[in-house]
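Below is one structure, written out as C-alpha cells; the observations come after it.
The values are calculated or read from the model by the stated rules, or taken from the named source; none is laboratory data. Keep in mind it's a predicted model, so treat the numbers as computed, not measured. Using ideal geometry, Cβ is built from the backbone for each residue, glycine included, and neighbour counts are taken over all protein chains shown.
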Amino acid sequence: MTVQDLQDFIAKPESGGDFNIVWGGIKTKHHPPKPLVKMTIGEVLDWQDSIDRLYMSEASGAWQIMEDTLRGVYEAAGLTKADLYNEKTGILDGDVDTEVDLASYAFQIWKNAIEADPSLQKAVAELPDVVYSTKTHTPSEDEPEGVLVYMRTAEDNDALAWIDRDGNSITESQLAVLRAAECSPDTSALPHDERHHEMVAKGVELISSQEESVGGGSGRPSGARFRTYERLKRYAEEVKGQLFDTDSLHRAIEEIYRHPLRESAKDTLNRQLRSGISDDALAGLVIALRDEGRLCLVQEEEEGREPRIICSMGLSVDRRED
C-alpha cells in the first residue's frame, strides 16, 4: 500500500475528501477565519490551539488531522509552518508510522465507532481483561494468515505485533498491524486457529525482546520516556557544576529511567516535545511533575512488572463448509 492509498483510505470516511472540513462538533463561531487550504500550517496550528480547551477534537482537513499529530508530521514531510495546509503540500508524505500518529489514528477510530454506535462504549468497558477472536482474512505473500497481538509491556508501553502461523514477525509497522485489525460492525467471527495462543506467545516474546534490545531502561526510542530521558541526560552533562545542576534534576532523571511514565505525564511530555520545548524548560517541567507526584508510576522494585496481553485477533481463511 502506498502513502497515497493510506491518505485516500483515511480521507474517504473522515471527510469525503473535503480539504476545508473541520470536526462537526466545532461551533460555527469557532471555525477557522478562512478556508483551511488558504491557511498556512502555522495558522492552522494556532487556530487548533485556540480551541483546544473548548472541544475534544480539533480535527481538520480531508484527513481530519489533530493538532498534536500535525505538530508531529509536518517537519517529517519536509515542510515548514509557512507552507500552505492543502493536499499539494504532502503533509502526510513523511513518516506516518510514529507514536503520535498511531495514537491519534487509533483515537479517531474509537471516536468514529462510538459516535456511530454509542452502545459500544459500555460493551467494550465490560469485556474481560483478555479477549481474542478471529476474522476472515485473504492471505497474500506479504500479509499471511496468523494473529495480531496487542499488549502492554513490562515498561508500560503499548505495542502491536503480527505473527504468522510459523511464528515469524510479518511487519514492524504498528500502523500496518492496526489497519489489519479493521472490522466492520457486521464482521462475523470464525473459529480460532488451534495454534492461536501459541502464535500469541510468539508475539509476546517478540515485543518483549524488542523492548529490551532497543529501549533499555527508558522505553522505546520513539516514546516520550526515552526522548525525555535522553534530552535530560544530555542537559545534565551540559550544566554540570553550574546553577542548574541540582539534586532534583538528577532524581527526576533517575526516576524516569527506573519507572514508567504516568499516562498524563506521557501526554504532557509528548505535547511539549512536539512543540519544541527547550532543554531547561523541559527540565523544569519534569522536576515539577515529579514534585507533584505526577511523573512516574513508582513501584516497589521487588514486585516487578509483567507484560499484559490486552487482546488478540486471528487472521484466517474461512475453511467452514458452505
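Within region 21-46, the set of residues being touching a residue at least 40 places away in the same chain (Cβ under 8 Å) and among the charged types (D, E, K, R) comprises Lys38, Glu43. Applying the condition of being of a type in the set (D, E, K, R) and farther than 18 Å from Asp18 by Cβ to region 41-69 and asking which residue is surrounded by the fewest Cβ atoms within 10 Å (Cβ to Cβ) yields Arg53. Contact annotation: residue pairs with Cβ atoms under 9 Å, 6 or more positions apart or on different chains, pairing a residue in region 123-135 that is assigned by TED's automatic domain parsing to the domain that holds Leu190 and assigned to a strand (DSSP E or B) with a partner that is surrounded by fewer than 13 Cβ atoms within 10 Å (Cβ to Cβ) and of a type in the set (Val, Ile, Thr), are Lys135/Thr187. Selection of first residues in region 165-184 that are over 19 Å from Tyr132 (Cα atoms) and of second residues that are part of a loop (DSSP other than H, G, I, E, B) and modelled with pLDDT of 85 or more, restricted to Cβ pairs under 8 Å at least 6 apart or on distinct chains, gives the following pairs, ordered by first then second residue: Ile170/Asp142; Ile170/Glu143; Ile170/Pro144.
For Gly167, the conditions (1) at pLDDT 90 or above; (2) among the small types (Gly, Ala, Ser); (3) crowded, with 17+ Cβ neighbours inside 10 Å; (4) within 13 Å of Leu206 (Cα to Cα) all hold with the exception of (3).
Filtering region 1-35 to residues that are modelled with pLDDT of 90 or more, surrounded by 13 or more Cβ atoms within 10 Å (Cβ to Cβ) and assigned to a helix (DSSP H, G or I) leaves only His30.
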